[in-house]
Amino acid sequence: MATVDERRAAFQKYKQDVKDRGKPFYPYAMFHDTVMSLVVVSVIVGLACVWFYTSGRGDPGDCGGHHGHSCLLGPRWAEPADPGTTNFVPRPDWYFYFLFYLLRIFKWPNSVILGTVGIPTICLILLLALPFLDRRRERRLLRRPVAIVAAILVVLSMGVLTYKGATAHEALASEVKAAVPGWAAREGFANNPVAVAGANAFAVSGCTACHTYLGTGGGLFGARDLGDEGTRKNAQAIQAYVTNPRQFGNTIMPVFKPLGPKTIHEIATFLYSSKGPK
């Protein structure tokens, strides 16, 4: 009961202090926030208008009549996405680098949900609950060691994860491609030019971003090692699966049909020649 009385007294003192020396949140601070929000929205709308009315309105990629040239704030259209590209490594915006690196730490299929959803959600819940858990009026830093240590650890962990995510290097296609001669020697398809061409296409097409092959690659999303894929399917079945995994119920693996039937046939021949470690 004493605690409730103390809180009521503190609240009354706060109201009296506001009346004597300060201004209440409403309408003063709320008015300032509203004005600033309108300024920000106006700037965004203004930039959108400048971008729209100073850019070209011809075909996609055309800007003011000059194909490929930027306008005042850039072209209205970008180049169409190429689903068959083999040299693009997707990366998130910088403020998601910490989450990006958590995927490297929790890369096993059973723990991905913990790293990407579980940990951020727990931290967010703790942050929202903090004002309700710590209701002391003490604000001097030296007398709040737990809060200070927790804040420092959060800042350090976020900073380190962001830095590691920004400087992380993905497995480049050239690095994976350098392993092809070793694959050919171990699996015995060095004298099969179609299989060798398929191994090179496999190395540069991003397959090892998820799959592994004889230990080389990512191993994400539960994607298995394909070093012995030739013991599971024949070449025709592999080619059909790579062309469109959706028809086999796989909604995670990309559709590689844009690579073309020749390249897919080479990849299927390479995988069919893969009978496992020797």
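Read-outs: derived from the displayed coordinates by stated rules, not from any lab. Worth saying up front: this structure is predicted, and the values here are computed from it rather than measured. Here the Cβ is made from the backbone with ideal geometry for all residues, glycine too, and neighbour counts use every protein chain on show.
Each Cα pair under 8 Å and six or more residues apart adds its sequence gap; the mean of these over the residue count of region 173-272 is a relative contact order of 30 percent. Taking amide H as placed 1.01 Å from N in the peptide plane, S111 has no amide H partner under 5 Å among residues 5 or more places away or on another chain.
Neighbour counts of C-beta atoms inside 10 Å place E138, E175 in the sequence E138, E175, starting with the fewest.
Could you compute how fast region 193-278 diffuses translationally, taking Rh as the Kirkwood radius over C-alpha pairs and applying Stokes-Einstein at 25 °C with viscosity 0.890 mPa s? Give it in µm² per second. Approximately 194 µm²/s, per Stokes-Einstein. Per-residue Cβ neighbour counts within 10 Å put T231, T208 in the sequence T231, T208, beginning with the fewest. Going from the fewest other Cβ atoms within 10 Å to the most, the residues Y213, Y241 appear in the order Y241, Y213.
Applying 0.36 nm per residue to the separation of T54 and M158 and subtracting their alpha-carbon distance, the gain on full extension is 33.4 nm. Model label points for F248 and F96, set 7 angstrom from Cα along the Cα-to-Cβ axis, are 2.9 nm apart. Relative contact order of region 90-169, taken over Cα pairs closer than 8 Å and 6 or more residues apart, is 57 percent. Taking θ as phi - 60° and the Karplus parameters 6.51, -1.76 and 1.60, the scalar couplings of region 122-131 work out to 4, 5, 5, 5, 4, 5, 5, 7, 4, x Hz in sequence order, x denoting glycine and proline. In this simple spin-label model, placing a label point 7 Å from the Cα along the Cα-to-Cβ direction at both R143 and T3 gives a separation of 1.9 nm.
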